[in-house]
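> Here you go, one structure.
The values are calculated or read from the model by the stated rules, or taken from the named source; none is laboratory data. Because the structure is a prediction, the values reported are computed rather than measured. Every residue, glycine among them, receives a Cβ derived from its backbone with ideal geometry; neighbour counts consider all protein chains shown.
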Amino acid sequence: MRVLVIEDDATLGHALQEFLVGQGYAVDWLQDSEPVLGAVTGQAYDLLLLDLNLPSMSGLDVLRQLRTQGQQVPVLILTARDGVEDRVAGLDAGADDYVTKPFELAELAARVRAFARRRAGQVQPLLEVGPLVFDSVGREVRVSGQRLALSVRELSVLEMLMGRAGRVVTKRQIVNSLSAWDADFSENAVEVYVYRLRKRLEGTGASIQTVRGFGYLLDVDSAA
């Protein structure tokens, strides 16, 4: 999942970016409102974390412009304004959720996971595909109760394939979803992670098939 953080406070913005990257997301970060509209137009984001107190334009005005332009990307507001009228104004402007500062990173992570589940059409935090069980809270995949040893990037690729089980996922979709602006992540890198995942999945009853000219498909042995 690709996230855009719009936060002018350098300390908080950097901390949020590092934390969310550690959770397995691709994260870009802007410190002002001016580049936001161009960034969202040029790149498909799955979630925006939007501060309201920005230097050039308020976060509410940014949000209103996004919605006026027809941008449907989910927006989670992060702000120190904790009055009821502020929350109402944010939600009425088109926000999907609202968190007041200071907040616990664990709560923020839970809210981001909730957005990720809604995006994938999930209701429960556990995603089961054949013998594989992905736990979005614990950020792990288990087979027959045993945890698969996966790197953060491997886990993110497998999560994407599991969330779209039965459908082909292209290399470009994986790159767009998992690569931030400053990340060296290419289609060749996708091939490397898929190769490693195939090794991890050997003997589990699940495998990753290559659909030539299109991408990858998570396949499950019916016996599993």
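> Name every residue in the stretch 167-221 that is under 19 Å from Phe134 (Cβ atoms), part of a helix (DSSP H, G or I) and of a type in the set (S, T, N, Q), in order of residue number.
The answer is Gln173, Ser177.
> Say we look at the stretch 80-127 and pick out the residues that are part of a loop (DSSP other than H, G, I, E, B) and of a type in the set (Gly, Ala, Ser); which of these is surrounded by the most Cβ atoms within 10 Å (Cβ to Cβ)?
Ranking the qualifying residues of the stretch 80-127, first place goes to Ala95.
> Related question: Please go through (1) more than 25 Å from Glu154 (Cβ to Cβ); (2) touching a residue at least 24 places away in the same chain (Cβ under 8 Å); (3) hydroxyl-bearing (Ser, Thr, Tyr) for Thr11 and return the number of the only condition it doesn't satisfy.
(2)
> Right, here's the next one. Inside the stretch 128-166, can you point out the residues that are under 13 Å from Thr204 (Cβ atoms) and part of a loop (DSSP other than H, G, I, E, B)?
Passing the criteria: Gly130, Pro131, Ser144, Gly145, Leu148, Ala149, Leu150.
> Mind listing just one residue for me: the one in the stretch 62-79 that is of a type in the set (S, T, N, Q), in a loop (DSSP other than H, G, I, E, B) and under 21 Å from the mean Cα position of the chain (by Cα) and, of those, surrounded by the most Cβ atoms within 10 Å (Cβ to Cβ)?
It comes out as Gln71.
> Within the stretch 110-125, track down each residue that is of a type outside the set (Lys, Arg) and at pLDDT 85 or above.
Ala110, Val112, Ala114, Phe115
One line per residue, one yes/no per condition, for (1) of a type in the set (Gly, Ala, Ser); (2) within 25 Å of Ala106 (Cβ to Cβ); (3) in the same structural domain as Val152 (by TED's automatic domain parsing); (4) touching a Cys at 6+ places or on another chain (Cβ under 9 Å):
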position	(1), (2), (3), (4)
Gln17	no, yes, no, no
Leu20	no, yes, no, no
Gln23	no, yes, no, no
Asp32	no, no, no, no
Ala44	yes, no, no, no
Leu52	no, yes, no, no
Val62	no, no, no, no
Leu66	no, no, no, no
Pro74	no, yes, no, no
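> Still on this structure, I have one more. List the number of the failed condition for Gly94; all other conditions in (1) under 30 Å from Leu150 (Cα atoms); (2) in contact with a Lys or Arg (Cβ under 6 Å, 6 or more places away or on another chain); (3) in contact (Cβ under 8 Å) with a residue 12 or more places away in the chain hold.
Only one criterion is unmet by Gly94, namely (1).
> Mind listing just one residue for me: the one in the stretch 171-216 that is among the β-branched types (Val, Ile, Thr) and farther than 23 Å from Trp29 by Cβ and, of those, nearest to the chain's Cα centre (by Cα)?
Ranking the candidates gives Val190 first.
> A further question on this structure: Determine, yes or no, whether Leu161 is without any contact (Cβ under 8 Å) to a residue 60 or more places away in the chain, buried (at least 19 other Cβ atoms within 10 Å of the Cβ) and of a type outside the set (Phe, Trp, Tyr).
yes
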